[in-house]
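The values are calculated or read from the model by the stated rules, or taken from the named source; none is laboratory data. Remember, it's a predicted structure, so these values are computed and weren't measured experimentally. Every residue, glycine as well, gets a Cβ built from its backbone with ideal geometry; the counts of neighbours run over all protein chains shown.
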Amino acid sequence: MLLKEKYYTHLLVFIAFTLFVSCDLDEEVYTEVLSSEFGQTEEEVTALVGAAYSSYGGWIGGPWVTSLVSSDEGVVPTRGTDWAENGQWARMHEHDFQPDDFYANFSWGPLYTGINNVNRIIYQLEQTGTDAALQTVKELKVLRAFNYYHLMDIYGNVPLVISFVDAEENPANNTRAEIFSFITTEVESVIDDLPTDVTSTYGKINKWVAHALLAKVYLNAEVYVGSPEWEKVIEHTDAIIESGNYNLASSYFDNFSIDNESSSENIFVFVYDRVFSGGMSIAVRTLHYESQKTYNFTQQPWNGYSSLEDFYNKFDDDDVRKQSFVVGPQFDSSGNPLEDASAEPTDPNGPPIEFTPEITGLRTALRQEGTRIGKFEFESGGDPAAMNNDFPVFRYGDILLTKAEAEFRLGNEADALVLVNMIRERAGVPTFASLTLDVLLDERGRETAFEGYRRQDQIRFGTFNDAWEFKPADPSDHVNLFPISRSQLEANPNLQQNPGY
């Protein structure tokens with residue numbers, strides 16, 4: 001059975017159980033399964049766990065877009081009245097973050113939904129008490145820590161809720177240091193008991209996913225708690241490298257193809273499918289309305305997310321990774337030029353659609369301006385709002401660059417250079433003779449473009465508050481944290497807003 005097929009077999013069991021125990025029919029019931037008794041067998045445990053992973057359908061519209069639009073990687077420009085949204089997308093890019101703007105809640109909602117699901121399932125499994133149930137609790141603790149990692153990264157001081165039955169109704173914020181300590185302690189306490197097989201745990205937590213999570217948390221330790229942990233970064237990246245389970249895919253885009261479950265590089269993915277698990281919606285968000293005719297999509301894209309010219313220009317022309325962008329004249333599936341009948345009279349290209357690296361204005365962009373995000377393969381005849389590509393959360397190429405950065409910051413440039421040049425060779429570009437922090441940040445940008453880490457990387461490298469396209473220099477670094485949404489503050493009077501908002 002293929003990895004994705006096995007994943008969805010488990011998901012269907014979960015759905016069937018949910019429907020069985022939740023329906024309230026007026027017919028006489030002769031037998032019933034109590035939720036407190038469900039989870040006695042390995043199959044039942046697997047079915048329960050499906051809900052813990054179900055919240056990641058909102059990842060693209062949450063943490064991913066938070067990173068993209070607030071960084072030097074991308075924007076959602078206003079084109080006429082499209083994407084105007086009272087200036088909220090523009091303010092997000094300019095770091096004029098407002099608690100009342102919708103993006104303040106983009107990540108909070110889905111991440112806490114995931115935590116609530118995990119807390120509920122852990123409680124049920126602990127009540128069941130079987131070996132299979134208690135083993136799965138360890139997996140779920142790592143998944144919960146993963147959610148808290150992103151909450152800590154985006155919002156800083158957030159409530160720590162780990163109980164289902166005893167949780168406070170209105171919990172107060174914990175400090176970022178407390179969340180950091182919880183994550184590292186929790187994951188390290190179970191890591192040696194997690195499964196090591198990578199085939200049976202596709203799309204789920206295993207030992208190597210836990211190592212990758214800890215590597216990422218420790219990579220940003222200086223940002224989170226004020227003290228670097230470079231040696232621990234190397235410890236956890238080495239565990240993954242030395243496991244022998246992963247290697248660089250021969251083709252970079254194998255990691256992002258429609259059927260990327262066969263990638264040798266993807267350590268942890270969110271599993272997406274147009275039928276069973278929607279939410280992988282990059283195509284519909286980025287491509288032009290008329291791009292529907294290029295790929296024979298089942299619906300029209302929204303002409304939104306674009307990259308920035310300066311970011312696009314970080315890629316050499318012979319870098320295979322430059323194919324992550326859709327740029328230039330556009331054609332339908334038969335090779336005929338696409339035209340936009342609503343093209344602005346001021347567009348120098350006229351109706352023929354040509355995606356240009358240049359965007360003339362954040363709030364006054366032309367309909368066809370901006371390179372589009374083409375890193376993930378588009379499926380001909382598919383639904384651009386429900387793509388079949390799995391989203392790589394932790395990937396081996398990123399792990400190599402993560403170790404390289406830690407080695408370089410410890411003064412081990414030669415060791416770092418070997419790792420970075422492995423990435424360069426796969427990309428088909430000349431290797432480096434030496435490294436600087438600026439070189440490392442640029443290489444991370446090229447390798448992990450549109451994978452949801454650019455904001456985090458810029459903060460760590462100290463460039464997030466600089467001026468770049470359509471964004472002035474930040475007068476204060478309080479914008480390194482997003483504001484907590486006013487709706488959350490009003491719902492929970494014990495929450496404290498982040499400084500500066």
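Would region 388-405 turn up any residue that is touching a Leu at 6+ places or on another chain (Cβ under 8 Å), small (Gly, Ala, Ser), crowded, with 20+ Cβ neighbours inside 10 Å and within 30 Å of Val209 (Cβ to Cβ)? Looking for residues that are touching a Leu at 6+ places or on another chain (Cβ under 8 Å), small (Gly, Ala, Ser), crowded, with 20+ Cβ neighbours inside 10 Å and within 30 Å of Val209 (Cβ to Cβ), one finds at least one in region 388-405, hence yes.
For region 66-81, a residue qualifies if it is part of a loop (DSSP other than H, G, I, E, B) and under 17 Å from the mean Cα position of the chain (by Cα), and the qualifying residues are Ser71, Asp72, Glu73. Just one of (1) assigned to a loop (DSSP other than H, G, I, E, B); (2) exposed (fewer than 14 other Cβ atoms within 10 Å of the Cβ) fails for Leu362. It is (2).
Please specify each residue of region 478-492 satisfying the condition of being surrounded by fewer than 17 Cβ atoms within 10 Å (Cβ to Cβ) and touching a helix residue (DSSP H, G or I) at 6+ places or on another chain (Cβ under 9 Å). Selection gives Arg486, Ser487. Checking each residue in region 82-113 for being in contact (Cβ under 8 Å) with a residue 12 or more places away in the chain, in a helix (DSSP H, G or I) and farther than 20 Å from Gly370 by Cα picks out Phe102, Tyr103, Ala104, Asn105, Trp108, Gly109, Pro110, Leu111, Tyr112, Thr113. Only residues that are surrounded by 19 or more Cβ atoms within 10 Å (Cβ to Cβ) and of a type in the set (A, V, I, L, M, F, W, C) were counted in region 170-186, giving 3. When each of Val165, Val142 is tested for being buried (at least 22 other Cβ atoms within 10 Å of the Cβ), out of contact with any Gly (no Cβ under 7 Å at 6 or more places or on another chain) and in contact (Cβ under 8 Å) with a residue 24 or more places away in the chain, the lone residue that passes is Val142. Going by the structure shown, is Glu229 touching a strand residue (DSSP E or B) at 6+ places or on another chain (Cβ under 8 Å) and either touching a residue at least 24 places away in the same chain (Cβ under 8 Å) or over 14 Å from Phe394 (Cβ atoms) (or both)? Criteria not met by Glu229. Residues of region 245-293 that are among the aliphatic types (A, V, I, L, M), over 17 Å from Ile60 (Cβ atoms) and out of contact with any strand residue (DSSP E or B) (no Cβ under 9 Å at 6 or more places or on another chain): Leu248, Val275.
When Ala215, Ala249 are checked against the criterion of being under 22 Å from Ile154 (Cα atoms), of a type outside the set (D, E, K, R) and touching a Ser or Thr at 6+ places or on another chain (Cβ under 6 Å), Ala215 stands alone in meeting it. Evaluating Arg454 against the criteria (1) surrounded by fewer than 22 Cβ atoms within 10 Å (Cβ to Cβ); (2) closer than 26 Å to Asn266 by Cα leaves one unmet condition, (1). For region 333-350, a residue qualifies if it is in a loop (DSSP other than H, G, I, E, B), of a type outside the set (A, V, I, L, M, F, W, C), without any contact (Cβ under 8 Å) to a residue 24 or more places away in the chain and exposed (fewer than 15 other Cβ atoms within 10 Å of the Cβ), and the qualifying residues are Ser334, Gly335, Asn336, Pro345, Thr346, Pro348, Gly350. Only a single item in (1) buried (at least 22 other Cβ atoms within 10 Å of the Cβ); (2) within 28 Å of Gly462 (Cβ to Cβ) is not met by Ala210, and it is number (2). Can we say Asp398 is under 17 Å from Ile267 (Cβ atoms) and among the charged types (D, E, K, R)? Judged against the criteria, Asp398 is a match. I need a count of the residues in region 269-300 that are farther than 24 Å from Gly370 by Cβ and buried (at least 23 other Cβ atoms within 10 Å of the Cβ). Qualifying residue count for the region: 3. Cβ-Cβ distances below 6 Å connect the following pairs, each with a first residue in region 307-322 that is of a type outside the set (Asp, Glu), a second residue that is part of a loop (DSSP other than H, G, I, E, B), and a separation of six or more residues or different chains: Ser307/Thr371; Leu308/Glu469; Phe311/Asp72; Phe311/Glu73; Tyr312/Pro357; Tyr312/Thr371; Val320/Gly428; Lys322/Phe315. If you check Ala132 against the conditions, is it over 29 Å from Gln488 (Cα atoms) and either at pLDDT below 95 or under 22 Å from the mean Cα position of the chain (by Cα) (or both)? Here the answer is yes, as Ala132 does meet what is asked.
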